[in-house]
Amino acid sequence: MEKLVIEGGVPLRGELKISGAKNAALPLIAATLLAPGTHVLYNVPNLRDTRTLLKLMEELGCSYEYNGSLLKVDTTIINHSEASYELVKTMRASVLVLGPLLARTGAAKVSLPGGCAIGARPIDFHIKGFEHLGAVCKLESGYVEASISDRLVGNTVYFDIPSVTATENLLMAATLAKGITVIKNAAREPEIGNLIDMLISMGAEIEGKDSDTITVHGVRHLHAAENRIIPDRIETGTYLIAIGATGGEATINNCCPAHLPALLEKLREAGFTILEDKHSLHIRSPRSAEGKLHVMHTNITTRPYPGYPTDLQAQFMALMAISDGASIINETIFENRFMHVAELCRMGADIKVDGKTAFVSGKGDTGLLGAPVMATDLRASSSLVIAGLAASGKTCISRIYHLERGYENLVEKLTGLGARVWKER
Ligand code: EPU
């Protein structure tokens, strides 16, 4: 199995380009199922997760051409309506085909994702939403089977918690429903805005983009269209933190700073200088009078957008592990998202966890020391990469297939910033 080896201690410098967002590409690819024809998507990141979804699209009967970041999906034929356990167990977001398949073909069968490394992650909101639109949903042999006799019918649906993929799934289903659907307490992540723009370009009638109440006026048919995936805000945030943790200074291009309000605020609080343009960011690390990296401690609490993203919690913890002073990190979205703590502690970090709260005593000047560590999920893995880049000595990260799910050309991008990092068998 491949490992990632990092010789830490090199301040990252230079420029880097951000790829398209994984969590926007997945719903946008799924949305192509809503209308027959050839859909064109630009800026699609080449990741394990996007390739998994394309494999599922093929199993459903669709075909595609994928060149660079340009993806053409032909959804003229759908002759199968099942997402198997084999695929869903490798990527929970496969559940995103449920809404569009149900709306277009009247039936869909998707394996229940089950728990994962970061929490139980049920899909009850998705199912409740489809039932409110008139679908009959049953759970059988580990699968959710949803069907409708005629057409979905619009209704008001309220989510207890703003769920990203439940909002996306219901939104897609509602575009072809009869009448009006109102989604209350909807998630407001930028990826949902990207999906709404795509659905509108396909002929959907939707109001309330970027708000927690989304209204969909159902239409009879949608048509294929061309759309662009937004820049990956989590990839952007990960590199910002990595550059900062190494005491570097660099420019990040092809990104959207407006999608990272909470992280930018927190990095500034920690002492970093950040200059923003519409599509680029420049970060400069704070230094003490002796010229050493001097990061101030700061607290974070993860929240739905525009709050601090849970997908950047693990990375920020790696930064706080080398700050001066004590920080508190509250994880309010997922119940088991501290798997990286034990691994960071193997590198010398001083972190204690009590329920949903982590107490980080920054090591300041002492820093972290490279060690063999294990990746447990996508974002936990990127926190170990950041710790490895900041640490002195060698860090060897195993199970890096997690990283390949969500970071395009990670080694190339880091090497381009001067990092000493490579893969080894
Ligand atoms: N929830 C339920 N029932 C549901 C759906 C969600 O109880 O039916 C709960 C979850 O257990 C969680 C909360 O609601 O406590 C919010 O979860 P959400 O549904 O928003 O998460 P998701 O849609 O499954 C997406 C991203 C995740 C990201 C979360 C939170 C995609 C494909 N995935 O997941 O991304 O962490 O939103 O922002 O968009 C990642 O990229 O590494 C990743 C895990």
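Brief remarks on what is shown
- Of the beta bridges in the chain, as assigned by DSSP with both residues counted there, near 70 percent are antiparallel.
- In this structure region 6-53 gives 28 Å² per residue of accessible area when probed at 1.4 Å with all protein chains present.
- Here region 1-144 is described by how far its Cα atoms reach on the three principal axes: 57, 36, 28 Å, from widest to narrowest.
- Accessible carbon and sulfur surface of region 105-220 relative to its total accessible area, %, 1.4 Å: 50 percent
- Spatial offset of region 320-347 relative to region 219-286 amounts to 22 Å, using the alpha carbon center of each.
- Comparing region 200-341 with the 2.2 N^0.38 Å rule of thumb, its C-alpha radius of gyration ratio is 1.28 (two decimals).
- Its convex hull of Cα atoms gives region 316-419 a direction-averaged projected area, equal to a quarter of the hull surface, of 6.4 nm².
- Between 0 and 90 degrees, the angle of helix 164-175 with respect to the longest Cα principal axis of the chain falls at about 20 degrees.
- Per-residue [θ]222 nm for the chain (sum of -39500 (n - 2.57) over DSSP H runs n ≥ 4, rounded to 500): -8500 deg cm²/dmol
- Residue among Thr90, Thr376, Thr298 with the largest mean-square fluctuation in a Gaussian network model of the chain, springs linking Cα atoms under 10 Å: Thr90
- For region 162-231: rounded, prolate or oblate by the Cα gyration tensor [a/c cutoff 1.5]: oblate
- Mean separation of Cα contacts under 8 Å, 6 or more apart, over the residue count of region 1-58: relative contact order %: 40 percent
- Per residue, region 223-318 exposes 37 Å² of accessible surface when a 1.4 Å probe is rolled over the protein heavy atoms with every protein chain present.
- FRET efficiency, 1/(1 + (r/R0)^6) with R0 25 Å, evaluated for Lys178 and Leu139 via beta carbons: 0.45
- Cα-based helix-to-principal-axis angle, 190-201 vs the chain, degrees rounded to 10: 30 degrees
- Region 330-385 - accessible surface per residue (Å², probe 1.4 Å): 41 Å²
- Against the main long axis of the alpha-carbon atoms of the chain, helix 48-59 sits at an angle near 20°.
- Across all Cα atoms of the chain, the radius of gyration (one decimal) and Dmax (whole number) stand at 21.7, 73 Å.
- Gyration tensor verdict on region 139-286 (Cα atoms; rounded if a/c is under 1.5, prolate if a/b is larger than b/c, oblate otherwise): prolate
- Entries of Lys266/Lys423; Lys22/Lys178; Lys356/Lys413; Lys394/Lys423; Lys266/Lys356; Lys72/Lys178 with Cα pairs more than 22 Å apart: Lys266/Lys423; Lys22/Lys178; Lys356/Lys413; Lys72/Lys178
The values are calculated or read from the model by the stated rules, or taken from the named source; none is laboratory data. Remember, it's a predicted structure, so these values are computed and weren't measured experimentally. Every residue, glycine as well, gets a Cβ built from its backbone with ideal geometry; the counts of neighbours run over all protein chains shown. With ligands, DNA and RNA removed, areas are computed over all heavy atoms of the protein, side chains included. Shrake-Rupley method; radii C 1.70, N 1.55, O 1.52, S 1.80 Å.
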